[in-house]
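The values are calculated or read from the model by the stated rules, or taken from the named source; none is laboratory data. Keep in mind the model is a prediction, meaning the values are calculated, not measured. Note that we place each Cβ from the backbone using ideal geometry, even for glycine, and neighbour counts take in every protein chain shown. Quick note on the areas: whole protein, heavy atoms, side chains included, nothing else; ligands and nucleic acids left out. Shrake-Rupley method; radii C 1.70, N 1.55, O 1.52, S 1.80 Å.
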Amino acid sequence: MMVDVVTSSDRPLKISALATTVGVPRNTAYELVATLVDGDVLTLSEGGLVSAGPRLLQWGGAYARTVDVVTAGREVARSVAHATDATVHIGRLEGSDIIYLVKEDFGQHIRMGSAVGRRMPAYATGLGKAILGSLPEAELDAYLASTPLVALTPGTLATPEALRADLRTVAEQGVAYDREESSPDVCCVASAVRDDTGRVVAGLSVSTLATRMTPETQSRLADAAREGATALSALLGYAGRL
């Protein structure tokens, strides 16, 4: 409980404040803090302020190494699919393609070319663009230099100029849109997933029929994609903000 209070605070705390929040006498709070400081779980400054210690980072890294994207992603994808009545995918970038790792349907059944293990060109998918939009400029240059942009549908962004412009928007908004770019009649919204180091390791997308993608639905699915990616990133040990 005391560790939870310290780690959820955006600034170091006085022991007296900790005692009040946790609901223990000050003497008990001092003893608990001293024990946790000895174990490097918490740190105590010369000014008497308590903050998180290095042991928590070690524990977090150890936890993150035991959790993989697929295992953690299934439950997150299931929850997002249930909340949105849509199809949720989780995938990662391999070479120039996205490979689908998780697929969850709820309610609707969209005829899509996706399946767990299948690959799709990253530039033509929401998942792929969510990841590409997070790449450093040099890595994106290398991707474009090695990847022929072939139109899969009339909506595919099949020129470097069009794709770069779209990816700049993805980087600014933290969400990518696939407007019938990979499959006719299907739209999706996606957001990037980060691991404990902050590195983008996957993407999470929410897909629905183009006929259902009203402005209101697009906004709702964008929120769901961000929240799902944030939840999965947290499970992988990421403590920052997407």
Virtual spin-label span in nm between Leu209 and Asp105, 7 Å along Cα→Cβ: 1.3
Cα-centred dipole magnitude for the chain, charges only on beta-carbon of K, R (+1) and D, E (-1), debye, nearest 20: 220
Asp38-Thr7 FRET efficiency (beta carbon distance; Förster radius 22 Å; 0.05 resolution): 0.75
Helix-only CD estimate at 222 nm, as mean residue ellipticity for the chain, using -39500 (n - 2.57) per DSSP H run (n ≥ 4): -14000 deg cm²/dmol
Calculated over region 82-189: convex hull of Cα atoms, volume per residue (Å³): 93
Per-peptide average of other Cβ atoms within 10 Å, ordering 23-36, 190-203 highest first: 190-203, 23-36
Principal-axis tilt of helix 160-173 within the chain, Cα atoms, nearest 10 degrees: 30
Under Karplus coefficients 6.51, -1.76 and 1.60, residue-wise ³J(HN,Hα) of region 207-218 in Hz, glycine/proline x: 10, 8, 5, 4, 5, 9, 8, 6, x, 5, 5, 4
In nm, spacing of pseudo-spin labels at Glu139 and Val22 (7 Å Cα→C-beta vector): 4.0
Three-way shape label, region 140-242, alpha-carbon gyration tensor, a/c 1.5: oblate
Descending semi-axes in Å of the chain, equivalent ellipsoid built from Cα gyration tensor: 42, 19, 15
Under Karplus coefficients 6.51, -1.76 and 1.60, residue-wise ³J(HN,Hα) of region 26-39 in Hz, glycine/proline x: 4, 4, 5, 4, 4, 5, 5, 4, 4, 5, 5, 5, 4, x
For q = 0.33 Å⁻¹, Debye-computed log10 I/I(0) when each Cα of region 193-242 counts as one equal scatterer: -1.18
Carbon/sulfur fraction of accessible area - the chain, other protein chains in place, 1.4 Å, %: 53
Built amide H within the under 5 Å cut-off of Val186, gap 5+: Glu180, Ala210
